[in-house]
1. Does any residue of segment A:84-102 turn out to be touching a residue at least 40 places away in the same chain (Cβ under 8 Å), within 14 Å of chain B (Cβ to nearest Cβ), closer than 27 Å to residue A:338 by Cα and buried (at least 24 other Cβ atoms within 10 Å of the Cβ)?
2. Within the bounds of segment B:460-481, is there any residue that is in contact (Cβ under 8 Å) with a residue 12 or more places away in the chain, away from chain A (no Cβ under 14 Å) and more than 29 Å from residue B:410 (Cβ to Cβ)?
3. Based on what the data block shows, is residue A:134 facing chain B (nearest Cβ under 9 Å) and assigned to a helix (DSSP H, G or I)?
4. Any idea which of (1) closer than 20 Å to residue B:119 by Cα; (2) out of contact with any helix residue (DSSP H, G or I) (no Cβ under 7 Å at 6 or more places or on another chain); (3) in a helix (DSSP H, G or I) is the one residue B:201 doesn't satisfy?
5. Which one of A:203, A:207, A:188 is more than 10 Å from every other protein chain (Cβ to nearest Cβ), over 30 Å from residue A:119 (Cβ atoms) and within 24 Å of the chain's Cα centre (by Cα)?
6. Among the residues of segment B:1-42 satisfying the criterion of being in contact (Cβ under 8 Å) with a residue 12 or more places away in the chain and within 14 Å of residue B:87 (Cα to Cα), which is surrounded by the fewest Cβ atoms within 10 Å (Cβ to Cβ)?
7. For segment A:245-262, check the following and say yes or no: at least one residue is within 12 Å of another protein chain (Cβ to nearest Cβ), surrounded by 14 or more Cβ atoms within 10 Å (Cβ to Cβ) and within 28 Å of the chain's Cα centre (by Cα).
8. Mind checking which residues of segment B:522-548 are free of Cβ contacts under 8 Å to residues at least 40 places away in the same chain, loosely packed, with under 14 Cβ neighbours inside 10 Å and not in a loop (DSSP other than H, G, I, E, B)?
């Protein structure tokens, strides 16, 4: 039970906010300020804990340049249901965990203007943080689902109690959309669970899935033998089931382990059985999961909860929503959808890309049309998250390219980079809108103007952050967008041209907004007298965001060092899978791969 | 062998009753004794000074202690199925489990009644006697092995409930509720009795296993080929449907649910808790008993640990029993077997009939209950519809269990375990919900949802607990209500086939439908502004402590459902064998 044990460290990281929330709940009445200070201290402490991973060589750290899962641990949670308390981080989740902890600190700092029921606000905020951190670290599908759902209720109340005039409508809409998505996800989880079978994996695959623990440099086969002899409940079940020599009579050893499900999806035919209406299990699972995640992303046409939720939510909650909650959809796609159901992803690749491009275009046009400042930023999120879906979906490792995974890697890395960059820039944009809203109490784009003269420092920072959102070279938004757009070129010319054109629309609505809000001769809207210069507290939230936007724009390697190995490894595996799949299809059908043909036909 | 004389028959009957049956019947006997004491204690001098609450609580705790297995719960793993009173009742792990469940509930319920003051000094003994009498009926319901006991149990549980619904004297709504309940109950009981007489008439027995054996001998696929046979089958179907009417009434399943919202609105919240938890649990177990009793014979059960795969046995049994001259019909039967996945054997048509009927009623109840709850303004009425929806959800587990029982005993047990888990957690959820409603009624004399506005300001613990319970009723993790839903969905998935897949999807989507109306109550309490007219609402220490004790398990079992799940797994370990 030392802090260098991943079990302790990661649990502390995830559950510290929840424990703090519990303590706040039973604490006797304090001044409102103290609740905020305690919560801020907790979020800062959690952020420091995540920073602890950067100390390379320390007992617990996160090494850059390593593709595999790190700090992995695995404990039985509910053995009778086969659910484990299984967490780890790799290059895909680690940046998101740090981003979550970081934005939580800033959002808590941005919560100072909140004066209504502060105690309840702080408790719900801290519970929300536990849910968010848990989603990115959980590797048991069920644990993932539980964390995913844990966030819903705090979010509902945070929007519903502290939101704007239409807060109740927005809150229930958010809840309902997400719940429908997660119910579909639950069905998919059950489908995958009941078709999974751990006994079909070999020693190396079990080791990769974190079931058999192998010491550094150890041999997987040896550890596997040792594991089979051990008295772990799972190992005993394994031995009991594999005792049956006749393969047709053997029972299945089901699992919720996401890594094991990935191995099964890529190396076995367990999920290929027909489920319904001639479609395979994984086709349905992919579709259900995709809908569930895309609601969260959100992509057109399932995005309609987002503008309402964002507009009605208080500023810090908008920052969390845009900065972190939307990323969970993208994270789900890359962690769960594609690796577990590669065949379905392959068949639906074009559909996924189309959804991504549609969101980009639709979101950008909708943003152009908005009169409400916050609504415009909300639609820009729809547009920007479209890049993420597109980048993850460009399955360009096909026969035509000689199964070259490089472009797809570029797309996936771009998508992941875009998630972080958007987390920074959109949180910043929402905060900047909040700063001016706190002063003039309106968000009508047409009634702004001339803020540069009255609040020069604020306007300068805001313009910088908006440029980061626009994707100006040298700022973080640029890297992700350019990676994604370039990668699409090898996949489909039409989509590439459209997605490149979206950059112009983005520039259009952001520049136009800057012009209407910050430029112009003088502010003529309501409450002009209330416009005061930006405060120190606001500065200390805006400046770190802008600094990060610049750092990642100028030196993206800082992030890619951590992220790229894991993303590349996953794409490499999927590219290998594609080649094997096509070969198998060709072998069984000399006229050519059916799935491949379908995919090709879609492309042209 | 002894000659069959009257003396011998009486002797063996006495031996059977005294040595074998009665020891297993001790908790029920304790209940009977308590009822007698409650009713007669006032005859004696000084008896009126003994509070009836103490007698009731002592009696129910004694019964509960007697219901616990003497050798610990582990003994359930090897406990055989036994028939008591020459086959009238069955004693197995399911009986033992549900008896502990019902008696634990009654103990909590009696404390609740005392705290809310519904059972006052004057008519406390009537109230407690009725509650214990209904519980006795429910115990018999859930261990019935004979149509007679089934009917007796249902009536013994129902008649005291009618009175309980109208126990608050001088309130018109309450009397109306009781009258509605009586008329509905009497009508459905009559229909059920007719159905039972049809079934026993055709099958020649009212003993469930014997009925199942005669059903198997009838060879239904063969019967369907002749006109006369079809007539017999029609009588059987009619009998089954009529029996179903009685059960559906107890379950408040659509279309026999009309009494439920009216009775729940008219009766007091405490009685609602009793009707929605204990009565539903007993009815669900009875439904399972009927399904398993008529749909399975020991001969055709697939052997769990056998090396042969279950499906091979099923197919072989099917081939031997199916008449070869009706190839088309056999094929039809086989096809529909694929559709519902109920396994083979001579009783597969019975199971198929049962599974289709129960799952369709379950879907309709679940969806209807959830949709109808939307428009309610009275919290008890809303919770009545919520009860209908939850009963529908639980019936899905019964359907899945019977569908699986013909194929894989282990999976079928999992389905029953899901049902028991659901029932157990439903106790905590609904008891605390109705307890809060009852305590709030005492404080602010209103049961309208709108009057709960802003409760979190003056009574934060109550509002938070109620919110947790409501969210748990929706079935969101990490609250306890999620796990039984998950287990039921898993059972439905295991059952497979188009019908069960449809049920699965409907069940899952119902979770999303249910969200809005539960959340509306939470929203009213936590978000809406407090009305100026209402003073401070506070429950007092003991009521708050009671609410806390019954709703904290919703949080604890939400995070650690393992021990409870192990217990329900143990309770089904000998089922279907």
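The values are calculated or read from the model by the stated rules, or taken from the named source; none is laboratory data. In this text the structure is predicted, and so the values were computed from the model without any measurement. Ideal geometry is used to build each Cβ from the backbone, glycine not excepted, and the neighbour counts take in all protein chains shown.
1. Yes, the conditions are met somewhere in segment A:84-102.
2. Yes, that holds for at least one residue.
3. The answer is no for residue A:134.
4. Residue B:201 satisfies every listed condition except (1).
5. A:188
6. Among them, the one singled out is B:13.
7. Yes, there is a match, as at least one residue in segment A:245-262 is within 12 Å of another protein chain (Cβ to nearest Cβ), surrounded by 14 or more Cβ atoms within 10 Å (Cβ to Cβ) and within 28 Å of the chain's Cα centre (by Cα).
8. B:541, B:545
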